[in-house]
Each structure stands twice: as C-alpha cells, then as structure tokens.
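What follows is a single structure, written as structure tokens, with notes after it.
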Amino acid sequence: MTNLTKTIKKIDSILELRELNSLIVDRIKSLRRTTNFQSSTEFSIGQTVKINNENIKSNSKLKGAIGKIKKINRTKAVVDFGNIGEWNVPFYLLLKTKEKFNGKKKTGNKCKYCRKPNCSPDPDVLCGDCRETFGHSFYSEL
C-alpha cells in the first residue's frame, strides 16, 4: 500500500472524505482542461487529419478516414470526411497527416419519407427532422 492509501484509510470523518473527493475532482477537471487546450491548439481549421486507428472500434466507418477540420470546439473538432459526412471528433482520435484529402462531395440522396435533401451516402438514412420525429435512423426501421 502506498502512503497515500494508508493516509486515506485513516480518515474517519465523512466531511473530510467529501472535501478530499472535491479536491480530487477539481484536480481531474483541471488536468482535463489543460489537456484539451493543448490538443485544441495543436490543430487548425483547414488542416488534413486522419483518425487514429488504435483508439477506435474495428467496425467503425471512420477507421483510418482522412478529412479536413472545419471547426474547432473546446474538446472536439468538426471534421469533413467527404462522402462519410461531417463528424464531431474528439482530439484524442485525430492525427496530423500529410496524406491528400479526397474531399468528394456528399451524394445528393433524399430522405425516403419527406424527400428533403439528405447528406448521407446511404439512401435508406432518414433526414435529421425525421430521425428526431420517429426516433429511428433508417427508413427500413419504420
């Protein structure tokens, strides 16, 4: 056991444990803010990035995808992946790359239910309004 563990086990007061917990949570938040700030300054709008394969599920459509950063938020970047669409991607999944971004335009599919333009390459995907209304992503699920 470390000295820290031994010291914590000696605390008998719930108030002191809550105060300790509060201090630990504040420290974690501070470290996260610092990490996110450092990550956000590492990238810039218009930069070509690639998804880090080590941190993503093997069956994800974004695995290894190359895109361009359109917007930088506090903890994520909006990345345009061409035919795959625009995604909010956490900085820890992004890698700088010199590879060329293909940038193919999104296909002009329309929602099968309301016929509004849909930026998905899959014609079975509903538009955002219909997804919100029906609670499903695909027309075939209705």
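No value in this document is a laboratory result; all are computed from the given coordinates. This structure is a prediction, so every number in the text was calculated from the model and none was measured. Counting neighbours? That spans all protein chains shown, and the Cβs are built from the backbone with ideal geometry, glycine included.
When the chain is described by a simple charge dipole with +1 on each Lys and Arg Cβ and -1 on each Asp and Glu Cβ, the residue from Phe138, Ile14, Ile69 located farthest towards its positive end is Ile69.
Amide H contacts for Phe138 (H built 1.01 Å from N in the peptide plane; partners 5 or more residues away or on another chain; cut-off under 5 Å): Leu126. If you wrap segment 62-142 in the convex hull of its Cα atoms and look at it from every side, the mean projected area works out to 6.2 nm². Across the chain, how large is the tail of the calculated P(r) beyond 19 Å, expressed as a percent of all Cα pairs? Taking all Cα-Cα pairs of the chain, the fraction more than 19 Å apart is 66 percent. Think of it as helices only: each DSSP H run of n ≥ 4 in the chain is worth -39500 (n - 2.57), and spread over all residues that comes to -10000 deg cm²/dmol at 222 nm. Amide H contacts of Ala77 (H built 1.01 Å from N, in plane; Pro and chain starts excluded): Val89, Phe91 sit under 5 Å, all sequence-distant by 5 or more or on other chains. Compared with the dominant Cα axis of the chain, that is its longest principal axis, helix 14-42 is turned about 40°.
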